[in-house]
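Heads up: the structure comes next, in structure tokens.
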Amino acid sequence: MELFFSISQSNPVSHYINVKLKIQNVVDKKLILLLPRWRPGRYELGHFSKNIQSFYAYDSKGRHLVVTKSNTHSWEIFNDSLDKEIFVEYNYYANEYNAGACYADENILYFNPVHLLMKPSYSDTIHKFHIHINVPESYKIITSLSIKNNTIESTDYDELVDSPIVATPYVKSFSYEVDEYTFYVHTIDIHEKYIDEEKTKNDFKKFTEQILKFWGSAPFKEYHFIIHLLPYSYYHGVEHLKNTVIVLGPNTQIMSKLYNELLGVASHELFHAWNIKTIRPKQMFPYNYYTENYSELGFIYEGFTTYYGDKLLWQSGVFNDDEFFNCINERLNRHFINYGKFSQSLLNSSIDTWVDGYANHAPHKKVSIYDEGCLLAMMMDLYIILKTKKKKSLRDVCLKLYDDQINNNEPYTLKSFIKYFLEFTKDERDIVFFGNTLLFPNDYIPLFEKIIEIFGLYIEYKESENWWERYFGFKASEQQGKYSVNHILPESPAYYALSLNDEILAVNSITSKDAFTDKNINKIDTINLTIQRFHKIINVEIKALKNKTFYQKLSLRLKDKLSTIEKDLFSHFKKM
């Protein structure tokens, strides 16, 4: 069966992408077309069909065919006359500008095919796909797929939906080579605020060399960094086997405040070409695009990637010690104030990304496969270095998983990961050591501090400068002159007096603006807040706790004076 897609925009300012599909060699009276419900890289249902406005089907003589839906993501076309050709037209609302969605207007046509391209339900049939992109001659088409005369041909649906496509005149590209591999960097910005090519190429090449050194070989010959720069604040990246899409903003800060963010997300997504796009959990092999793909192993495919994306920038010399430590500090501080660590284990939190995505809809419900996964990776890395007398590291566990996949076509499981971890530590008691971290809700920081101390590292605790955070345990955000509660720590005084989204009108009869901008207020034992909750103004009193403060800022530090052993271990940590 062959499918011919034609992609166009009849009215670019409407944000609709028009899709025409010709299906040849149809043999059945009923043809079912399926649209994926999620995309790899985002482990929650996306319900892409919500963006389809209209759907029509015709036979070869132009007669309308009956179309019904039995669920949210499939269209059943009744071909009673057994016509060998069926024509379909539908449109897709593309007005979500991020790294994993679709956006189209008068300046750009950008889509992730996993959102847009349907496929017949026959799982045992090889289909051939033709995708023609109808855009003005001034547009340049960016994709990792092979394209000729604006047409892409493929027999691999997985590769097709894993390959974003961008068409726009507002793009600048450059490339660099590492060994036998070629890397392309495409910057898209309708305001033409492009990145500094020389500086970016130099830094990208350094971390690319380090990542290739880590793995030893690559699952691609060419790789594309597709970078969208926006005029407003934004941060997002999505991994693919042969490319990544990165969206950052504001574009005016890309070579200043946002430059380390660009390096971090680019390194992270490139590492993903191996960790999740090549080696992945057994539950996701192959991907099933039409239902949840549950796995408890998010700490490996996201947490390890978060850790190594930053560590390899450090090893390559692109990041210095402080810049790497700052990456770890971000994870430490998120863990420190997330009381979801006492509610749900890291394994179970991985499953629950399919329930509520990456947010905590119930406050302090779960931990993050990125943050806690990163901290666990660092602890395991240090522990293996220590137990093997500096001969092995967590990298060696990753290489075992990689070898199983590329040589034996064997996806990994929790059991296989544990087996390789114990293979290097040589002590089955060690799995209890880390098993409790995975299997039970708990605070990682005591174990983290115990391990890093051996390497000459420690955590510095600094009190919050904000009196409402330090003494009463809540955070407040300001928007258009209004101050609202946006975070509350359990076991703090505020936990029993305030609710999320309470608007604070006054503090001890002082306007909220004056109270929250005064950094010089000394310790306050009691505050009286005037708040608005559910359109009702009420007063609440909150008393500080004796000898108890909240929201300390945690910073990873290297001792000023290292012993000979500490210096040697830290040096091995950095290079292994």
**V88 vs. criteria out of contact with any Asp or Glu (no Cβ under 9 Å at 6 or more places or on another chain) and modelled with pLDDT under 95** = no
**Message:** Considering only the range 380-401, I want to know if a residue exists there that is in a strand (DSSP E or B) and either out of contact with any Ser or Thr (no Cβ under 9 Å at 6 or more places or on another chain) or not assigned by TED's automatic domain parsing to the domain that holds Y301 (or both).
**Reply:** no
**Request:** Can you give me the number of residues within the range 300-330 that are assigned to a helix (DSSP H, G or I), out of contact with any Phe, Trp or Tyr (no Cβ under 8 Å at 6 or more places or on another chain) and among the aromatic types (F, W, Y)?
**Result:** 4
**Request:** List the helices (runs of 4 or more DSSP H) that sit entirely inside the range 442-535 and contain at least 1 residues that are hydrophobic (A, V, I, L, M, F, W, C) and in contact (Cβ under 8 Å) with a residue 60 or more places away in the chain.
**Result:** 445-453, 467-472
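To keep it simple, each residue is scored yes or no on (1) over 25 Å from I351 (Cβ atoms); (2) of a type outside the set (V, I, T); (3) in contact with a strand residue (DSSP E or B) (Cβ under 9 Å, 6 or more places away or on another chain).
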residue	(1), (2), (3)
N408	yes, yes, no
T413	no, no, yes
S416	no, yes, no
K419	no, yes, no
L422	no, yes, no
V432	no, no, no
G435	no, yes, no
K450	yes, yes, no
Y461	yes, yes, yes
**Asked** So which residues in the range 185-199 are touching a residue at least 40 places away in the same chain (Cβ under 8 Å) and either closer than 20 Å to L109 by Cβ or outside the structural domain of T252 (by TED's automatic domain parsing) (or both), if there are any at all?
**Response** H186, T187, I188, D189, I190, H191
**Message:** Quick check on R63: is it over 30 Å from S368 (Cβ atoms) and either over 29 Å from the mean Cα position of the chain (by Cα) or not assigned by TED's automatic domain parsing to the domain that holds E296 (or both)?
**Reply:** yes
**Residues of the range 250-306 classified as crowded, with 17+ Cβ neighbours inside 10 Å and without any contact (Cβ under 8 Å) to a residue 24 or more places away in the chain, total** = 2
**Prompt:** Scanning the range 83-112 for residues that are in contact with a helix residue (DSSP H, G or I) (Cβ under 6 Å, 6 or more places away or on another chain) and surrounded by fewer than 22 Cβ atoms within 10 Å (Cβ to Cβ), which turns out nearest to Y58 (Cα to Cα)?
**Reply:** Y93
**Message:** So in the range 148-167, with the set limited to residues that are on the phi < 0 side of the Ramachandran plot and of a type in the set (S, T, N, Q), which one is surrounded by the fewest Cβ atoms within 10 Å (Cβ to Cβ)?
**Reply:** T155
**Asked** Do we have S571 as over 18 Å from I488 (Cβ atoms), surrounded by fewer than 15 Cβ atoms within 10 Å (Cβ to Cβ) and of a type in the set (G, A, S) here?
**Response** yes
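The values are calculated or read from the model by the stated rules, or taken from the named source; none is laboratory data. Only a predicted model underlies this, so the values are computations on that prediction, with no experimental measurement involved. Counting neighbours? That spans all protein chains shown, and the Cβs are built from the backbone with ideal geometry, glycine included.
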